[in-house]
1. What FRET efficiency would be calculated for the residue pair Thr375, Ser152, taking the C-beta separation as r and a Förster radius of 35 Å, to the nearest 0.05?
2. Restricting to Cα pairs below 8 Å that are 6+ residues apart, what does the relative contact order work out to for the stretch 313-385? Please round to a whole percent.
3. Using a 10 Å cut-off around each Cβ, can you sort Glu306, Glu372 from fewest to most neighbouring Cβ atoms?
4. Go ahead and run the numbers for FRET between Trp244 and Asp315, Cβ-Cβ distance against an R0 of 30 Å, rounding to 0.05.
5. Rank these for me by crowding, Cys255, Cys193, going from fewest to most other beta carbons within 10 Å.
6. Figure the gain on full extension for Arg177 and Ala362 (residue separation times 0.36 nm, minus the Cα-Cα span) and round it to one decimal in nm.
7. Give the long-range amide H neighbours of Ala283: residues separated by 5 or more places, or on another chain, with amide H under 5 Å away, using H modelled in the peptide plane at 1.01 Å from N.
8. Once you keep just the Cα pairs under 8 angstrom separated by 6 or more residues, what percentage relative contact order results for the stretch 152-384?
Amino acid sequence: MADGATPRLVPRSHDDYACQAGAAAGLVSLSENDVYPAALPAGSHFSFGCPGIVGTLSVGGTVVLVEGPTPPNASPSSNASGSPSRRWRSGTSSTVRSADTPSRESSGAAGPTAPSCARLPPNAPVRPSGPGPVQEAPPLTADDNPIGWDTSAAAGAYRDRDMRLAEQLIFPGVLRRLAGGSRPDPLALDIGCGTGAVAAQLARTGAWTVQALDPSADMLGIARSDRPHPRVSYRLFDGRTLDWLADDSVDAAVCCLVYCTDPDDGRLAALTAEIRRVLRPGAPYLLADLNPAATGVAFSTLRHGEPEAVYDDGDTVPTLLRLRDGTTMTSATYYRSLDRYRSFLTEAGFPSPAIDLPTLPADGTVTEAAAETRTAPYMLLTTHA
Ligand SMILES: C[S@@+](CC[C@H](N)C(=O)[O-])C[C@H]1O[C@@H](n2cnc3c(N)ncnc32)[C@H](O)[C@@H]1O
């Protein structure tokens, strides 16, 4: 406020604050792996909720109250032997650096990730931040026996996956496309919600009530325990029918990394038609999946398909996912060309989708050698009912 100016009071409800912090957290892809150093006064608008302290705690991240904004206080400290899976956030920057705070999840703690808040000692030893873990990834190597997606082993392993690429390349695009709906209390479906990552992010924006559906009871069990949210209801379904939902009753549908895990074209065609039926006219359907043009490319956290191999629609594709402890999970996915994805949509009555192929910027946050700076690991198809 300029000297002598009259202070202006802007009335805000708690919902307004929650919405702002949640939307800001979504835009910069904050997750439970992040550490937010609150260096500016905690009561200031910026550090309080843009996404700041509230946004970080709302996604299960860690807030560190530091003594002041100058180094060394506001830099990552080396106070533990912990895991490399924590990201150190500063303000709204999306810079990814390593921090030594041990991850609750990788330390084996069970149950929901509770928000935490720690105080950094005033003269804590400071270590220059090292290269982000995405740069350090060793080569992915396959197991001989891929895990089937409908098994409890797959659900358990998927819980521990390294989500950084999906967090940076899928979730922000989904949240951006679903921002700004005008209907009161809109309903979104997260179809094939798995362990609930997308559903929870959507609910945390404060804008959506979410029905999160999956045919795997094991995945849903993990979602309910790791990502409970008052705006999310998790529900077992058959992967095909949405018969408890009326025609034109849903405001948005999201389906992330699901078609690639289901070998049954007939089931996916029926599911897509059901999604079209329940969406209100004009409501968005966002289908995110593995980019079929990226088979065989070794990304830092995944590789779907063997290098040099050529796949046809329906082929089984050995797929490696990196887990947070650095080991890999080998599963099977099912190749479908972009044309096949388009036909699922158009045969169900959707218009041909807009196609996004996001890559990471080669701006120093990841090494320029990382394949994800050149090739999109995922695609995001957007269409409307
Ligand atoms: C790779 S996981 C993705 C989970 C979550 N969407 C995410 O992005 O983290 C695939 C999920 O799709 C589910 N799935 C497989 N076939 C499905 C179908 N026909 N309909 C809905 N979900 C399905 C699996 O049970 C599994 O939970």
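1. Details: r = 33 Å, r/R0 = 0.94.
Computed FRET efficiency for Thr375 and Ser152: 0.60.
2. Averaging sequence separation for qualifying contacts and normalising by length gives 25 percent for the stretch 313-385.
3. Glu306, Glu372
4. 0.30
5. Numbers: Cys255 23, Cys193 28.
Ranking Cys255, Cys193 by Cβ neighbours within 10 Å, fewest first, gives Cys255, Cys193.
6. 64.2 nm
7. HN-HN under 5 Å from Ala283: Ala385.
8. 19 percent
Readers should treat all values here as calculations from the given coordinates under stated rules, not as data from a laboratory. Note that the structure is predicted; figures quoted are calculated from it, not measured. So basically every Cβ, Gly included, is an ideal-geometry build from the backbone, and we count neighbours across all protein chains shown.
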